[in-house]
Each structure stands twice: as C-alpha cells, then as structure tokens.
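See structure below.
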Amino acid sequence: MKVSLLDLIISLSDVMDMISPALNGHHRRVAHVSYMIGQKMGLTTERLSNLFITALLHDCGGISLKERLDALQFDIINPFIHSEIGYRLLSGYEPLKIPALIIRYHHVYWNETSRYAAKKEYDIPLESYILNLSDRVDVLVNKKSEIIGQSMYIKEKIISESGKKFMPDVVDAFAEVSKPISFWLDIINVEKSCIIQENNIEDTILDENSIFSAMELIRRIIDFRSGFTATHSSGVASVAEQIGKCAGLGKGEQNKLKIAGCLHDLGKLAAPVEILEKPGK
Ligand SMILES: [Fe+2]
Ligand SMILES: [Fe+2]
C-alpha cells in the first residue's frame with residue numbers, strides 16, 4: 001500500500017473547512033496566496049513545498065467553531081491559542097516539524113518581532129510572515145461579492161500595514177503578484193489553481209511502514225476535538241485490528257482495519273465542538 005502525504009493533508013484540510021460555509025476553502029486559498037508570494041520571494045522548492053503544506057493545515061489548532069470564525073476578523077483577538085495547539089499537534093510527526101514551527105508563529109505581526117527576538121528560542125521563520133499576510137488577504141475577501149471590485153481595497157489595506165502588521169518584503173511581493181487580474185480570479189477558483197501548485201510540491205510517498213505514524217497524527221487531530229473521546233480512535237483501531245486477526249485475515253487486511261479505525265471519525269472535524277460536547281448528547 002502506498003499513500004501520498006500531500007493527498008492526506010489536502011483531504012484533512014478540506015474536511016476542517018467543512019465546519020462552516022464561511023470557512024469553506026479557507027486553507028486552500030491561503031495555501032494558494034502563500035505559494036504565489038513565496039515563489040515571488042525566490043523560496044526554494046523545498047521551502048515552497050513546506051509553506052504550501054503548512055498553509056493547508058495552519059488553523060488545525062482551532063478547535064471550536066467560534067474560534068475558527070473569530071479568526072476571520074481582520075483585527076483578530078488572541079489568536080495564539082490555536083497557533084500553539086496547532087504547533088503541538090503537528091510537531092510530533094517528523095515530516096511536519098517545520099510546518100509546525102511556521103504555524104506556531106503565523107499570527108505574530110511584523111511589529112511584534114522584537115518581543116520574540118529578545119528570546120533566542122523564538123526565531124520566527126520568514127514563512128510565518130508570508131502565511132500571516134496571506135491569511136489576512138483571505139479574510140478580507142467578501143465571498144458574497146464579486147472579486148475584482150474588491151481587489152483594490154484589499155491591496156490598499158494590506159499595503160497600508162507594511163512595516164506594521166506585515167513584513168515589508170512580503171508586502172512588496174504581494175503587491176507584485178496581485179497585479180494581474182488572474183491572481184484574484186485564481187483565489188475564487190482555488191481548487192483549480194491549487195492543482196497546478198500541487199504538481200510542483202515535493203510530496204512524500206508513505207509506504208506500509210510509515211503510514212501508521214501519519215495515521216497517528218490524523219487520529220490525534222480528530223480525537224483532540226473532544227476531551228470525552230481523547231483516545232477513542234486509537235482504541236477502535238486496536239480492537240478492529242485484533243478482531244481481524246482473530247477472524248483469520250491476513251496482515252494487509254489487518255493493517256487496513258487499523259487505518260480505518262484511526263480515520264473512522266474523520267467527519268468529527270467537520271462538526272463544531274459545540275455540538276460534539278453538547279450537554280445531554
Ligand atoms: Fe490562524
Ligand atoms: Fe486562517
């Protein structure tokens with residue numbers, strides 16, 4: 001069995017955005033804008049790949065619907081909880097160690113850098129500033145209105161924060177890449193535009209041995225959503241595997257059962273935690 005890590009991440013990303021129509025496609029749009037800016041700034045293919053993957057997962061630490069919707073405000077209040085949770089969820093999985101670090105700082109504004117620079121352990125990656133600006137571009141887009149008419153306002157709003165909220169070099173790159181109308185049209189047709197970028201991403205093909213650590217990551221993200229079911233998926237995976245063994249299934253089939261056990265509650269990511277933990281449920 002061989003599985004593309006990028007395919008897994010895209011699926012995870014899409015499911016997380018199904019939690020509300022207001023969030024539909026948010027991760028993909030931010031990935032698209034981040035990629036365009038990173039490319040303009042001359043990032044290597046490896047860094048661009050990590051940036052794209054990071055953007056697809058950047059709000060994975062936003063557990064409640066309220067938290068996700070609050071993050072859609074341009075002047076977001078207290079965004080550091082979901083940034084830290086995202087970091088902690090992803091950093092235990094070796095292939096996502098760099099994305100985890102980028103996510104940790106994805107809401108640090110440029111003019112807050114000195115506060116972090118004072119401590120050596122807080123070295124903020126350039127990619128966090130790119131992700132921050134790209135995220136703010138998407139929250140400024142009114143999805144109910146046509147895009148070209150808003151583009152000038154969004155550009156002016158972002159450029160006016162150069163050297164304040166946003167890193168000047170990142171703003172300059174954004175100002176350049178957002179000149180063609182196609183940039184804005186690609187934002188609203190993001191599934192199509194992402195396909196082109198996905199083809200340029202350095203993907204990891206997971207084999208039988210490495211697939212379980214990826215499943216463990218996804219399971220952790222799913223189970224973390226509710227304190228009542230914190231180890232539920234891993235329990236289901238183990239029991240399903242053991243029943244398969246007792247029923248005489250081969251190792252390959254047992255592995256499939258274990259994977260299915262890890263993923264069986266994937267739909268929980270699309271359900272608000274306010275519903276999952278509703279008293280009396
Ligand atoms: Fe965020
Ligand atoms: Fe976001």
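Only the coordinates and a few stated rules stand behind these numbers; no lab work does. None of these values were measured; they are calculated from a predicted model. Cβ placement follows ideal geometry from the backbone for every residue including glycine, while neighbour counts extend to all protein chains displayed.
Extending 7 Å from Cα along the Cβ direction at Gln73 and again at Lys251 yields two label points whose distance is 5.5 nm.
In terms of other Cβ atoms within 10 Å, Leu8, Leu48, Leu69 run from fewest to most in the order Leu69, Leu8, Leu48. Taking the fewest neighbouring Cβ atoms within 10 Å as the starting point, the ordered list for Thr113, Thr45, Thr54 is Thr45, Thr113, Thr54. The residues packed around Phe224, meaning those with a beta-carbon under 14 Å from its beta-carbon, carry a net charge of -2 if Lys and Arg are +1 and Asp and Glu are -1. Taking a straight Cα-Cα cut-off under 26 Å and skipping sequence neighbours fewer than 8 places away in the same chain, the lysines within cross-link reach of Lys251 are Lys2.
Pairs of lysines in region 54-150 whose Cα atoms sit within less than 29 Å of one another amount to 5, provided the residues are eight or more positions apart or on different chains. Whole-percent P(r), region 207-276, all Cα pairs, 10 Å bins from 0: 22, 47, 24, 6, 0. Spin-label model, Glu156/Ser114: points 7 Å from Cα along the beta carbon direction are separated by 3.0 nm. Going by alpha carbons, how many degrees (0 to 90, nearest 10) lie between the helix axis of 251-263 and the longest principal axis of the chain? Tilt relative to the chain: about 50 degrees. If one computes the Cα centroid of region 1-67 and of region 167-207, what distance in Å separates the two points? Spelled out, the Cα-based centre of one part sits 11 Å from the other. Cα convex hull, the chain: 136 Å³ per residue, rounded to a whole number. Neighbour counting of Cβ atoms within 10 Å sorts the residues Ile181, Ile76, Ile53, fewest neighbours leading, into Ile181, Ile76, Ile53. Considered as an equivalent ellipsoid built on the Cα gyration tensor, region 79-204 has semi-axes of 27, 20, 13 Å, the largest given first.
All other residues whose Cβ lies under 11 angstrom from that of Gln254 are scored, Lys and Arg at +1 and Asp and Glu at -1, for a net of +2.
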